[in-house]
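Structure, as C-alpha cells:
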Amino acid sequence: MPPRSPAPDPWSEAVRRATDATAADQPGGMDEQCWDDVAMRGIVATVLYALHLRERRPVDAIGWPAVLWQLRDDERVTELVTTVLPRAGHDLSRTAAPGDPVTECWRWLTRTWDPHAPVKSAFLQPALSHSSYSGWVPDAPEPRWGGMSRGIARGLPDPALEVCTHWAAGVVQRQMITERGHHALDRVKVTSGAFTGHRGYVRDVGWFFDDATETVHGPAGYVVDLDDVEGTQDIDADQVEACADLHWPHRPEGTLKDGPPPGLNDPLPPAKTCAEDLRELLDRAGNPDVVPEELRRAVAAAHHHHHLELDWQASPAPQRFTWRVLHHWYQLTEHYADDQRADLYEVVVTRYLRDAEPAHHLALSKDELPGLIARCTTGA
C-alpha cells in the first residue's frame, strides 16, 4: 500500500484558503510584498483557524457566512481570537517566544507602525548587504511598513487588524457574491417596486447579520446609484437583475447624472477667521486654560492661520493609544516674520482607530510635547 500523506495542518489550510480568497479579490492576485494583501489574508486566515478550533470542524467546512459574521468589526475578531486561541495553547502575548506561526501572525496584525520610518531603498539594501562581508553592518531602522508596499490608509500608524478588517470582509463578501449576487459597480436594472425600470450601478451590498446563529444571509439588498434619481437608493436583492447596456462610468445621454454633479462649480465657503479657528481649538481641548488671555487676544487678531501635522504614532495593546501632533501657527502681521508668529500645539489621543471621542490637549511649545504625550498615554 502506498504511504499515507500526512494530514494537512489546520493553520496551513486556513492560510491557503485565505490566500486563494485574497488573490481572487485582487486584480493582480495575492502579492506577498503588499502590506494590504498580507493584512487581509492574515485576518481571514486567523478567523478561519479560530472557527475551526471552536467548532471542531475542518477548515474547509467553515462557511464564508460564519467568517463574514466575525468580520463585522475588529472588536468581534479580537474577542473570538483572544477567547479561542489561548485555549488551544497559543500564547498571544507580545513577549511570547517566536516560532508559532499563528501567534506571529496575530502579533503582526496587532502591532503598530511608524508612518514616518524610512522607505525601503533599492540603493541602500545592496550597500548594507555588501558591508556584511567586512563584518560591520550599520544599525538601520525598520523600513516603513516592514519593507512592503502599502495602499490602504498608508498614513495611519494603527494596527492592521483595526485598519483592514473591513477590507477583509470585502474579500469574503466577494467569495459569497461570486456564488450568487451582484458586485459593487455592477450595472443593474430594477424589476419591481417604486423604481421599476430604472437602471444604475451597485455602490454597496447589504447583508443580514443573524446574531442568534452567528452567520450572515444575503445579499439582502443593494445600495444602487440610479441614473435618474438623486443620491442612492436601498433596493431589495430580489428587485434587481443584471443588465449590460453600459459600462462604468458612462450614463445614457440626457439622464440626470449624465453631467457633473450639482454644485460641483459652486464657490467655496469663506475661510474661517483666526478668532473662529482658535474658538474651535479651545472648545475641543481638554485643557484650554493653558492658553493665556494675552495669547488668545493676539491669535484672534492674527491675519492668517496655518496647520501642520508633526507626528502620528501609536502603541499596541495592552497600552493601546494613538496620538497625533498638530502644529497650529498664526501669522500676526500682514507679512510673515519669524518673531511675529504665535504657536499652539495640539495632541489628539484615541484608544483605537475608530474612537468616536478623541481627547484633545494643548501645549504652548514643542518642549512640552513629550511630557504631555506621556501623561495622555499612560495616565501619569
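The values are calculated or read from the model by the stated rules, or taken from the named source; none is laboratory data. On a predicted model such as this, the values are computed, not experimentally measured, just so you know. Using ideal geometry, Cβ is built from the backbone for each residue, glycine included, and neighbour counts are taken over all protein chains shown.
Observations on the model:
- His130 vs. criteria surrounded by fewer than 15 Cβ atoms within 10 Å (Cβ to Cβ), modelled with pLDDT under 80 and not hydrophobic (A, V, I, L, M, F, W, C): yes
- Close Cβ contacts (under 6 Å, 6 or more residues apart or on different chains) running from residues in the range 49-68 that are among the charged types (D, E, K, R) to residues that are assigned to a helix (DSSP H, G or I) comprise Arg54/Val84.
- Note on the range 67-99: among residues that are hydrophobic (A, V, I, L, M, F, W, C) and under 22 Å from His217 (Cβ atoms), the one that is surrounded by the most Cβ atoms within 10 Å (Cβ to Cβ) is Val67.
- Within the range 261-280, the set of residues being basic (Lys, Arg) and assigned to a loop (DSSP other than H, G, I, E, B) comprises just one member, Lys272.
- Pairing residues of the range 271-285 that are in contact (Cβ under 8 Å) with a residue 24 or more places away in the chain and loosely packed, with under 12 Cβ neighbours inside 10 Å with residues that are outside any helix (DSSP H, G or I) and among the charged types (D, E, K, R), at Cβ distances under 9 Å and at least 6 apart in sequence or on separate chains, gives no pairs at all.
- Restricting the range 178-189 to residues that are surrounded by fewer than 20 Cβ atoms within 10 Å (Cβ to Cβ) and of a type in the set (A, V, I, L, M), the residue that is farthest from the chain's Cα centre (by Cα) is Leu185.
- Qualifying residue in the range 73-89 (condition: under 22 Å from the mean Cα position of the chain (by Cα) and of a type in the set (Lys, Arg)): yes
- Test: Gly263 is surrounded by fewer than 10 Cβ atoms within 10 Å (Cβ to Cβ), more than 19 Å from His182 (Cβ to Cβ) and either without any contact (Cβ under 8 Å) to a residue 12 or more places away in the chain or not assigned by TED's automatic domain parsing to the domain that holds Gln70 (or both): yes
- Qualifying residue in the range 46-53 (condition: more than 26 Å from the chain's Cα centre (by Cα), among the aliphatic types (A, V, I, L, M) and closer than 20 Å to Thr19 by Cβ): yes
- Boolean, Leu256 is among the hydrophobic types (A, V, I, L, M, F, W, C), surrounded by 13 or more Cβ atoms within 10 Å (Cβ to Cβ) and either touching a helix residue (DSSP H, G or I) at 6+ places or on another chain (Cβ under 6 Å) or outside the structural domain of Val190 (by TED's automatic domain parsing) (or both): yes
- Hey, His116 assigned to a helix (DSSP H, G or I), at pLDDT below 95 and over 24 Å from Asp25 (Cβ atoms) or not: no
- Residue list for the range 360-376, filter: out of contact with any His (no Cβ under 9 Å at 6 or more places or on another chain) and either surrounded by fewer than 18 Cβ atoms within 10 Å (Cβ to Cβ) or not assigned by TED's automatic domain parsing to the domain that holds Gly286 (or both): Leu364, Ser365, Asp367, Glu368, Pro370, Gly371, Ala374
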